[in-house]
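Chemist: Quick one: the structure is below, and I'll ask about it shortly.
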Amino acid sequence: MAKRDKLTQRQKRQVLKQQKQRIKNNQSAPVLDNLSSPYDGLLISRYGEQADVLRLDNQQKYRCYLRQNLGSLVTGDKVSFRLSNEGQGIVEAKHDRDSLLQRPSVHQGLKPVVANINQVFVVVAPLPDFSATLLDRYLVAIKDADINTVIVANKWDLQTEIEKQSIAEQLNIYQQLGYPVIHLSTKSGEGVSNLKNRAIEKQSILVGQSGVGKSSIINQLFPEQTSLVNSVSDNSRLGQHTTTASQLFLFENNQGFIVDSPGIRDFGLWHMNYHSVAEGFIEFLPYIGSCKFRDCKHINEPGCEIIKAVKAEKINHQRWNNYCKIVLSPQE
């Protein structure tokens, strides 16, 4: 067999790219002398090309550099890392994930949010204004990731706002569908122990709009921690960003953890097709596949069994309307 002694132009470009990448890796993650044997760790927060990692055998936290060839590491990832004599760490490997919650980003495609969780607390409140559409967007994404959901209705002491927005009636729709709902007030303490009981022995994340009180909940559950808390703008009734990076809080004796995530004002689902979105509305499931047309989008097609169920009040009209909004929203 003839020996190939020449590289194609494509191969040359690939070699050059790899060389540049090695140089970049060496610049971002310095070579440290006298590194320890590898330790198992849990990534508790990330800051660019560095991260705080919890060493699992002694519960000590270390600031570590991240090797560039590890892909996108996020809070909750299980990693292997080494330490120098000075206590500086380098993350060298990422373990397989049990789960991954993602959301689309206009400039980054699908962006990982958190890894290795088995429960999501979706936090809603009367201030900023309650949004059933945003809640449904979260529920669809969480269902697609095959993770359990608990709805947390925070600021339940604001009864005037709750009645004005008919929030209790709207949340009753979700309770009838089987979603657990916790009514909570970080001011009075109502519901805090209920939430903690659901969080113990689980790996969870708090998600929701800016201003719904996720950091206040963390302060209640972990009083030794000091999380900044911002108020809701009186003019816009929108939350102000407090948490800028996801942060993991570990319960005592390794009894699970909760991640506090940055608040967002929208949760796009443009990466999902209408079929995946429909499956995220759990009350649609008995009717999916029985429509007259195989490619039925359940919006205005004749012979749609889901639309028939809506008209027969077997499916809540608001939920179906939110489904239509999601499917018809611009693909960004």
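Rundown of residues vs (1) among the hydrophobic types (A, V, I, L, M, F, W, C); (2) surrounded by fewer than 14 Cβ atoms within 10 Å (Cβ to Cβ); (3) at pLDDT below 95, yes/no style:
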position: Tyr287; (1), (2), (3): no, no, no
position: Ile299; (1), (2), (3): yes, no, no
position: Ile326; (1), (2), (3): yes, no, yes
position: Gln331; (1), (2), (3): no, yes, yes
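Chemist: Scan segment 88-127 for residues that are under 17 Å from the mean Cα position of the chain (by Cα) and not β-branched (Val, Ile, Thr) and report the count.
Modeler: Adding up the residues that qualify gives 19.
Chemist: Exactly one condition in (1) touching a Leu at 6+ places or on another chain (Cβ under 7 Å); (2) modelled with pLDDT under 95; (3) not aromatic (Phe, Trp, Tyr) is false for Lys155; which is it?
Modeler: Looking at each condition in turn, Lys155 falls short on (2).
Chemist: Same structure, new question: Is segment 190-206 home to any residue that is among the hydrophobic types (A, V, I, L, M, F, W, C), part of a loop (DSSP other than H, G, I, E, B) and either under 13 Å from Val150 (Cα atoms) or at pLDDT 95 or above (or both)?
Modeler: yes
Chemist: State the number of residues belonging to segment 20-79 that are of a type in the set (Lys, Arg) and at pLDDT 90 or above.
Modeler: Selection size over segment 20-79: 5.
Chemist: Which ones in segment 75-116 are within 17 Å of Glu49 (Cα to Cα), polar (S, T, N, Q) and either outside the structural domain of Asn58 (by TED's automatic domain parsing) or in contact with a Lys or Arg (Cβ under 6 Å, 6 or more places away or on another chain) (or both)?
Modeler: Within segment 75-116, Gln108 is the sole residue that qualifies.
Chemist: Report the residue count in segment 275-308 for those that are among the hydrophobic types (A, V, I, L, M, F, W, C) and touching a residue at least 24 places away in the same chain (Cβ under 8 Å).
Modeler: 7
Chemist: Sticking with this structure for a sec: Among the numbered criteria (1) over 20 Å from Tyr47 (Cα atoms); (2) under 13 Å from the mean Cα position of the chain (by Cα), which single criterion is violated by Asn85?
Modeler: So the condition that Asn85 fails would be (2).
Chemist: Still on this structure, I have one more. Report the residue count in segment 198-216 for those that are under 14 Å from Phe251 (Cβ atoms) and more than 13 Å from the chain's Cα centre (by Cα).
Modeler: The qualifying residues number 5.
Chemist: Moving on. Do any strands (runs of 3 or more DSSP E) lying entirely in segment 85-172 carry at least 2 residues that are out of contact with any helix residue (DSSP H, G or I) (no Cβ under 8 Å at 6 or more places or on another chain), and which ones are they?
Modeler: 89-94, 100-105, 109-115
The values are calculated or read from the model by the stated rules, or taken from the named source; none is laboratory data. The model shown is predicted, which means the values in this text are computed figures rather than measured ones. Cβ atoms come from the backbone with ideal geometry, glycine included; neighbour counts cover every protein chain shown.
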